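Take a look at the structure below.
The values are calculated or read from the model by the stated rules, or taken from the named source; none is laboratory data. Remember, predicted model here, so these are calculated numbers, not experimental data. Quick reminder, even Gly has a Cβ in these numbers, built from the backbone with ideal geometry, and neighbours come from all protein chains shown.
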Amino acid sequence: MAPIMNGETPFSEADRAAILAAVRAAEGGTAGEIVPYVVGESDPYPSAVWKGAALGALCFPLAAVVAFWLTDLWGAHPALWMVVPVLAGAALGYLLTAWFPAVRRSLIGDAMLELRTRRRAETAFLEEEVFNTTDRTGILLFLSLFEHRVVVLGDTGINAKVRQEEWDGLVSRLARGIREGRADAALVEAVGECGALLARKGVEITPRDVNELPDELRERES
C-alpha cells in the first residue's frame, strides 16, 4: 500500500466506512474516544537524498578504479576517470534514495524514524484535541506509512488504567500490517483490539457518556 502522496490516499471509501464502523463499535463498549490518524510520512527527511548522493559520489569512483584496472580503457582521458564516476555516482545515489523508500529508510536510520514519528504523533494529538473529553479518555491511533511505524497516545484517563507497554502487541501487529501493504484491514483490527483492551481495563461507559470526538479516519500527507 503506497503512502499518501499529492492528495492521493491508499484508503478507499469502503476502507473509511469500515474504520468508522469499527470505531463506533469499539466505543459502544467503552468510554474511550478512539481517534484513528494516518500520515503518508512524518517528516520529509530532506537530508536523506543528499546523503544518498554523497554515498554514491564516494562509492562509484571505487567501481571506476576497478574498471580502470580490469579493462583496456587506459587511453581514456584521466579527467574522465576523476570526474564522470563522481557525478554519475552522485546522481545514481540521489535517484535511488528518492525513488526507493527502503533505501531512504535505511539512510535515515531507525532512531530518527522513531523520533520523527513520535513527534508527529504528539502534534496530531494536539491538532485533533484528543485531550478534549470530559473524563480525559481520548486515545490516538497514529500510523505513519513511510516509516512503517505506529504510535498509540492515550490521555490521562486512559493512562491511569492502561500502561503504555500494554499497547505493544497492538502496535506491533498494526506496524506489520503497514509493511505488508494492508494498513486498511490492520487498522480495522487494531481499533477492535483497542476497544477490547479498554473494556478489559475498566474504561467503562458512564451514564453521562456522549460521543465527544469525531469517529472518522483522519488522513494527511505529512
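Return the residues of the stretch 179-192 that are surrounded by 15 or more Cβ atoms within 10 Å (Cβ to Cβ) and of a type in the set (Asp, Glu); say none if nothing qualifies.
ASP184, GLU189
For the stretch 31-50, what are the residues that are more than 30 Å from GLY202 (Cβ to Cβ), in contact with a Ser or Thr (Cβ under 9 Å, 6 or more places away or on another chain) and at pLDDT 75 or above?
VAL39, GLY40, GLU41, SER42, ASP43, PRO44
Can you tell me which residues in the stretch 129-152 are of a type in the set (D, E, K, R) and under 22 Å from the mean Cα position of the chain (by Cα)? Let's see the steps before the verdict.
Restricting attention to the stretch 129-152, the residues satisfying the condition of being of a type in the set (D, E, K, R) are 129, 135-136, 147, 149.
Correct list: GLU129, GLU147, ARG149.
Residue-by-condition table, conditions (1) without any contact (Cβ under 8 Å) to a residue 40 or more places away in the chain; (2) surrounded by 14 or more Cβ atoms within 10 Å (Cβ to Cβ); (3) within 18 Å of ALA25 (Cα to Cα):
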residue: ARG119; (1), (2), (3): no, no, no
residue: GLU128; (1), (2), (3): no, yes, no
residue: PHE142; (1), (2), (3): no, yes, no
residue: GLY169; (1), (2), (3): yes, no, no
residue: SER172; (1), (2), (3): yes, no, no
residue: GLY177; (1), (2), (3): yes, yes, no
residue: CYS194; (1), (2), (3): no, yes, yes
residue: THR206; (1), (2), (3): no, no, yes
residue: ASP209; (1), (2), (3): no, yes, yes
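Looking only at the stretch 103-150, how many residues end up being closer than 26 Å to PRO46 by Cβ and β-branched (Val, Ile, Thr)?
Counting residues in the stretch 103-150 that are closer than 26 Å to PRO46 by Cβ and β-branched (Val, Ile, Thr) gives 5.
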